[in-house]
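Participant: Below you'll find the structure I mean.
The values are calculated or read from the model by the stated rules, or taken from the named source; none is laboratory data. Everything quoted here is computed from the prediction, not taken from an experiment. So basically every Cβ, Gly included, is an ideal-geometry build from the backbone, and we count neighbours across all protein chains shown.
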Amino acid sequence: MREFERRVQQRFALQLPVIIEGKMGAAGFRSLTRDVSARGAFFYTDVAGLQVSSRIAFSMLLPADITGSEETRVACEGTVLRLETNGNNKTGVAVTIESYDF
């Protein structure tokens, strides 16, 4: 039986720098996205304490070749939708992007 596809937006396999902000550390925790869409992102992290339904603040750095001008930081807020574990002691985090600011 095929799993129902819930994604509405097309996902792009982009490895963008992401910084998880907030109580995880004053300087933030750095990682890379696995993929990004207009409404969400997926990245691996070893930040402890993330839970499904948690609010999360993170920033992504868009390179000049994507923006057409200069590297741009996008500050995002969203909610953790799904957590996945992998064999490298990292947790995969699927998040919504509910608001953003350039």
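Participant: Write out, first by first residue and then by second, each pair whose Cβ atoms fall under 8 Å of each other, whose residues are 6+ apart or on separate chains, and whose first residue, in segment 77-102, is in contact (Cβ under 8 Å) with a residue 40 or more places away in the chain while the second is charged (D, E, K, R) and surrounded by 14 or more Cβ atoms within 10 Å (Cβ to Cβ).
Facilitator: Sorted first by the residue in segment 77-102, then by its partner, the pairs are Gly92/Arg34; Thr96/Arg39; Ile97/Arg39; Ile97/Glu77.
Participant: Within segment 26-74, restricting attention to residues that are touching a Lys or Arg at 6+ places or on another chain (Cβ under 6 Å) and outside any strand (DSSP E or B), which residue is nearest to Gly92 (Cα to Cα)?
Facilitator: Asp46
Participant: Looking at (1) surrounded by 12 or more Cβ atoms within 10 Å (Cβ to Cβ); (2) touching a residue at least 12 places away in the same chain (Cβ under 8 Å), can you tell me which one Val52 breaks?
Facilitator: (1)
Participant: Still on this structure, I have one more. Of (1) closer than 22 Å to Ala13 by Cβ; (2) loosely packed, with under 11 Cβ neighbours inside 10 Å; (3) of a type in the set (A, V, I, L, M), Leu83 satisfies all except one. Which?
Facilitator: Exception for Leu83: condition (2).
Participant: Next question. Could you run through segment 5-14 and say how many residues are loosely packed, with under 12 Cβ neighbours inside 10 Å and either at pLDDT below 85 or not small (Gly, Ala, Ser) (or both)?
Facilitator: 6
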